[in-house]
């Protein structure tokens, strides 16, 4: 009887002990139905092993950028947002130069006596606070409004320009002035507080930024925006504390000249992105 190799299936003579093809030891098998069964005679065919279940591995989630990162990406692509803050900085330098020139001219003309030299800095410091101070805060409030309008358009992938932003702010100049007055009065009062006054000023500036963005995205009045800003900042603290922390840090850094070229537009952008993500309309 022909022996078939159980390993490779090759046919061998009936007296062969090893497969002539692969050398495997042979056992007596028969070809049933004209084909090789692949199993030794009298042995039940082996059952296939069931496949082992594998644990489902969900596909990796796509990386979601934080609002802070998204604001930074928009800002780096729209560095023209620093222009209003730069103009404000130059205006502040001009005002300071005028005050310094007045003091210098007065001293050089000998109007001051020996005793009055001591009180002159106090006098001109007071004059600056009560005369030029309001001018400074008025300019700050107006240029902050311009930054917010430009940042809103940049965050909405729309074109922006200084003239277009100024035109929109000018059409709502009364609201912009209200914001400037509130910012100036409160910051002046907070500046009197020792040690923590600067920190409170920074926190209040963050609040004003939120109010300005609401005013120029929802077409709301200044009083309404100031009221709504309290609610939105509380909501931001509950739903996205990281965004609020970044906004506050940016507001603190906005107290530093030159650095605020970058931090003021960034503070406006991260606030706008938060509002957009929470359903606030993108256009006035």
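Nothing in this text is a laboratory measurement; each read-out follows from the coordinates by a stated rule. In this text the structure is predicted, and so the values were computed from the model without any measurement. As a convention, Cβ positions derive from the backbone with ideal geometry for all residues, glycine included, and neighbour counts pool all protein chains shown.
Given the convex hull of the Cα atoms of the range 184-284, what is a quarter of its surface area in nm²?
Numbers: hull surface 26.0 nm².
Dividing the Cα hull surface by four gives the mean projection, 6.5 nm².
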(message) If I model a spin label as a point 7 Å beyond the Cα along the Cα-Cβ vector, how far apart are those points for residue 230 and residue 198 in nm?
(response) 2.9 nm
(message) Rounded, prolate or oblate, given the Cα gyration tensor of the range 219-266, with a/c below 1.5 counting as rounded?
(response) oblate
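How do 245, 147 line up, fewest other C-beta atoms within 10 Å first? If you can, show how the numbers build up before the last one.
Details: 245 13, 147 25.
Ranked by crowding around the Cβ, least crowded first: 245, 147.
If neighbour count is taken as other Cβ atoms inside 10 Å, put 8, 19 in order from fewest to most. Please report the intermediate quantities before stating the final value.
Working: 8 12, 19 20.
Starting with the residue having the fewest Cβ neighbours, the order is 8, 19.
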(request) In nm, give the distance between the simple-model label positions of residue 77 and residue 97, each being 7 Å from the Cα along the Cα-to-Cβ direction. (result) 3.8 nm
(request) Sort 69, 150 so that the residue with the fewest other Cβ atoms within 10 Å of its own Cβ comes first and the one with the most comes last. (result) 69, 150
